[in-house]
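In what follows, a single structure is set out as structure tokens and then discussed.
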Amino acid sequence: MITVNHYIALSAVLFVIGVVGVLTRRNIIIVMMSIEIMLNAANLLLVTFARQSGDMTGHVFVFMVMAVAAAEAARGACDHPRVVQEPRDGGY
Amino acid sequence: MTPIKIPSIALDAIGPEMVLTATAMVLLMIEVFADKKGRDHLGYIALGGSVLAGALAYKLSGVSVTTFGGLYVVDNFSTFFKIIFMISAGLTALISVKYAQDEGINHGEYYAMILFATVGMCVMASARDLITIFMGVEVMSIALYVLAGMTRTREVSNEASLKYFILGAFSSGFLLYGMALVYGATGTTQLQAIGKAAGLLTGNPMFIAGAVMMTIGFAFKVAAVPFHMWTPDVYQGSPAPVTAFMSTGPKAAAFAAFLRVFAEAFPAMKEDWWVIIWSLAVLTMTMGNVVALVQNDVKRMLAYSSIAHAGYILVGLAVASPAGSSGAAFYLLVYAFMNIGAFALLIVAAGKGERTTTYQDFSGMGRRSPLTALALTIMVFSLAGIPPTAGFAGKFYLFMSALEKGFVWLAVIAVINSVVSVFYYLKLVVYMYMRDEDGEARPEISVAAPLAVAAVVTVCAVMWLGVMPAKYIDFAKSAFLPF
């Protein structure tokens, strides 16, 4: 039988994986993936509590977080090639 | 089938936000259709939008409504902060005009991003629900990540943008996880409902963990030590007007959300959390001031000084009283003027490409450009808190609130820190007036009209708020939060 506590534990493990990933990895793509894991750990927690109490607010919150995560990913994706590329004007 | 109940929506209460959004969209359209010459007006349109939004916000003073089904509140507290945001956005647009043309970033999206970030800040100040707070934080932050990297050809700017993005998203993760835990413990995202439920939850580990993680998230956003690592590099690498903006408006917004969350959602924890905020305040101001002492670059010095000022403002939070919250609000208003003023003059001195920003580069400024040197002197006097400038009035009112509540040691440490800060601020004055030029070739100092206007406005504001603060302190007092 899977209880609420199992979900909370899973979400805590995911969050810690995300934090450790951001702090230890040097690859920018993996760091961004770790941030996504952190956000999704929080999403899992929100959905768990929403299901537990039969309250819709948590579900709405998750949709908002997904929209934000998409915007952040888009911003991260446009940053990556720019940092790797040599500045065109030579830079200062 | 039961009809869906639609909550009442008071559109007149969100006038400032609507004006800002509309102006930002107009700017984006102008970017598409205007030629290069037409784009010279972009900054003034952004300034006009902020002034109009600020006037609308001012008209709402005294109004107190909760709308959008309890998600959004307009009260004196949010109105006061919105006026700070509009001042910050408007002055930033003004000091950007010349800079953007020189650096080749004079595009509609630059000004639009400033205004979109300001909308996010307004949402943060007015939010009365965890969902709205999170959305406000993200709307503001994502626009700021882009702004930090606006000067695409400068490597430091790219680095600043990436660093800000990674650490900003990281701190958002903490904030969100804390919100999820608080939601789980209380079953609601409404701040006041959380406050009611929290009374029965003292000692609940999930609730405490959530509150602590939210504190970490906010501490990142206000750049409190030990969560300040991103600040010096980001502030130094970003274009100077963007740094001026980031250190005033968004910082005020983070403090506004921080204050409202702790006043309305966690009043039951007041006995415990002042210890945390007390330590954060002492660490932040001491670290910021001590490291600022040894800086050689004026822009980086201002970044550390901005950390130190966040420490002073945290004093107002640690006190957790109506006087403390209005003291913090008034100080943030003063800080918006003096810091943007200092950055406006830094832009004048730094020249194209921000190449000359060390203390050495300011030597002989008193002779080369007496008025610039004089204005910068007034700004650093105010930042140091020397009367009769606004910085003194702000610090006086803020530290008094600590004394009233019996936080004598906190006030003493804050005053000692202000004394320490006088050293590195006056060092700049010493270089400007008492050092001769070292013979190195530096670009001719020419003050463009918009920068001159911004400098005059900030100097007048700093002097006026310093000499006649009573009326504005009264306004700040009406913007308190019930702790």
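The values are calculated or read from the model by the stated rules, or taken from the named source; none is laboratory data. Only a predicted model underlies this, so the values are computations on that prediction, with no experimental measurement involved. As a convention, Cβ positions derive from the backbone with ideal geometry for all residues, glycine included, and neighbour counts pool all protein chains shown. Ligands, DNA and RNA are excluded from the accessible area calculation, which covers all protein heavy atoms including side chains. Shrake-Rupley method; radii C 1.70, N 1.55, O 1.52, S 1.80 Å.
If residue B:316 satisfies every condition in (1) over 18 Å from residue B:231 (Cβ atoms); (2) open to solvent by 30 Å² or more (accessible area, probe 1.4 Å) but one, which is the exception?
It fails just one condition, (2).
Against the condition out of contact with any Pro (no Cβ under 9 Å at 6 or more places or on another chain) and modelled with pLDDT under 90, how does residue B:444 come out, does it pass?
yes
For every residue, the table says whether it meets (1) more than 19 Å from residue B:115 (Cβ to Cβ); (2) in contact with a Leu (Cβ under 9 Å, 6 or more places away or on another chain); (3) surrounded by 15 or more Cβ atoms within 10 Å (Cβ to Cβ).
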| position | (1), (2), (3) |
| --- | --- |
| B:9 | yes, no, no |
| B:24 | no, yes, yes |
| B:30 | no, yes, yes |
| B:33 | no, no, no |
| B:48 | no, no, yes |
| B:51 | no, no, yes |
| B:61 | yes, no, yes |
| B:68 | yes, no, yes |
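Mind checking which residues of segment A:12-52 are farther than 17 Å from residue A:69 by Cα, surrounded by 15 or more Cβ atoms within 10 Å (Cβ to Cβ) and among the hydroxyl-bearing types (Ser, Thr, Tyr)?
Matches in segment A:12-52: A:48 only.
Just the residues that are out of contact with any helix residue (DSSP H, G or I) (no Cβ under 6 Å at 6 or more places or on another chain) and either open to solvent by less than 10 Å² (accessible area, probe 1.4 Å) or not in a helix (DSSP H, G or I) (or both), please, taken from segment B:319-334.
Within segment B:319-334, B:321 is the sole residue that qualifies.
Can residue B:109 be described as in contact (Cβ under 8 Å) with a residue 60 or more places away in the chain, surrounded by fewer than 24 Cβ atoms within 10 Å (Cβ to Cβ), of a type in the set (Asp, Glu) and touching a Gly at 6+ places or on another chain (Cβ under 8 Å)?
For residue B:109, the condition - in contact (Cβ under 8 Å) with a residue 60 or more places away in the chain, surrounded by fewer than 24 Cβ atoms within 10 Å (Cβ to Cβ), of a type in the set (Asp, Glu) and touching a Gly at 6+ places or on another chain (Cβ under 8 Å) - is not met.
May I ask you to list the residues in segment B:90-122 that are closer than 30 Å to residue B:182 by Cβ and away from every other protein chain (no Cβ under 12 Å)? Give the steps one after another, and end with the answer.
So in segment B:90-122, the residues closer than 30 Å to residue B:182 by Cβ come out as B:116-122.
Result: B:117, B:118, B:119, B:121, B:122.
Considering only residues of segment A:1-11 that are open to solvent by 80 Å² or more (accessible area, probe 1.4 Å) and among the hydrophobic types (A, V, I, L, M, F, W, C), which is nearest to the chain's Cα centre (by Cα)?
A:10
Residues in segment B:445-459: is at least one farther than 27 Å from residue B:84 by Cβ and surrounded by fewer than 20 Cβ atoms within 10 Å (Cβ to Cβ)?
Checked segment B:445-459: at least one residue is farther than 27 Å from residue B:84 by Cβ and surrounded by fewer than 20 Cβ atoms within 10 Å (Cβ to Cβ).
I'm trying to understand the selection: among the residues of segment B:160-188, which are open to solvent by less than 10 Å² (accessible area, probe 1.4 Å), more than 7 Å from chain A (Cβ to nearest Cβ) and under 21 Å from the mean Cα position of the chain (by Cα)?
If the condition is that a residue be open to solvent by less than 10 Å² (accessible area, probe 1.4 Å), more than 7 Å from chain A (Cβ to nearest Cβ) and under 21 Å from the mean Cα position of the chain (by Cα), then B:160, B:168, B:171, B:172, B:175 are the ones that fit.
Which of (1) at the interface with chain A (Cβ under 10 Å from one of its Cβ atoms); (2) modelled with pLDDT of 90 or more; (3) open to solvent by less than 10 Å² (accessible area, probe 1.4 Å); (4) farther than 30 Å from residue B:186 by Cα is the odd one out, the single condition residue B:157 does not satisfy?
It fails just one condition, (2).
Given the conditions (1) in a loop (DSSP other than H, G, I, E, B); (2) over 21 Å from residue B:377 (Cα atoms), and given that residue B:356 satisfies all but one, which numbered condition is not satisfied?
It is condition (2) that residue B:356 fails.
Quick check on residue A:6: is it at pLDDT below 90, more than 7 Å from chain B (Cβ to nearest Cβ), farther than 18 Å from residue B:171 by Cβ and part of a helix (DSSP H, G or I)? Let's see the steps before the verdict.
Details: at pLDDT below 90: no; more than 7 Å from chain B (Cβ to nearest Cβ): yes; farther than 18 Å from residue B:171 by Cβ: yes; part of a helix (DSSP H, G or I): yes.
So residue A:6 does not fit the description; no.
Restricting to segment B:394-411, count the residues that are open to solvent by 10 Å² or more (accessible area, probe 1.4 Å), assigned to a helix (DSSP H, G or I) and more than 20 Å from residue B:307 (Cβ to Cβ).
Qualifying residue count for the region: 7.
Only one of B:134, B:81 is within 13 Å of the chain's Cα centre (by Cα) and aromatic (Phe, Trp, Tyr); which?
Sole residue among the options that is within 13 Å of the chain's Cα centre (by Cα) and aromatic (Phe, Trp, Tyr): B:81.
Within segment A:50-59, work out how many residues are more than 10 Å from chain B (Cβ to nearest Cβ) and assigned to a helix (DSSP H, G or I).
Here the count works out to 2.
Here is a yes/no grid of residues against (1) in contact with a helix residue (DSSP H, G or I) (Cβ under 6 Å, 6 or more places away or on another chain); (2) facing chain B (nearest Cβ under 7 Å); (3) not in a helix (DSSP H, G or I):
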| residue | (1), (2), (3) |
| --- | --- |
| A:30 | no, no, no |
| A:44 | yes, no, no |
| A:48 | yes, no, no |
| A:61 | yes, yes, no |
| A:65 | yes, yes, no |
| A:69 | yes, no, no |
| A:77 | no, no, no |
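Of all residues being within 9 Å of chain A (Cβ to nearest Cβ) and polar (S, T, N, Q) in segment B:127-154, which is farthest from residue A:68 (Cα to Cα)? Just the residue, please.
B:153
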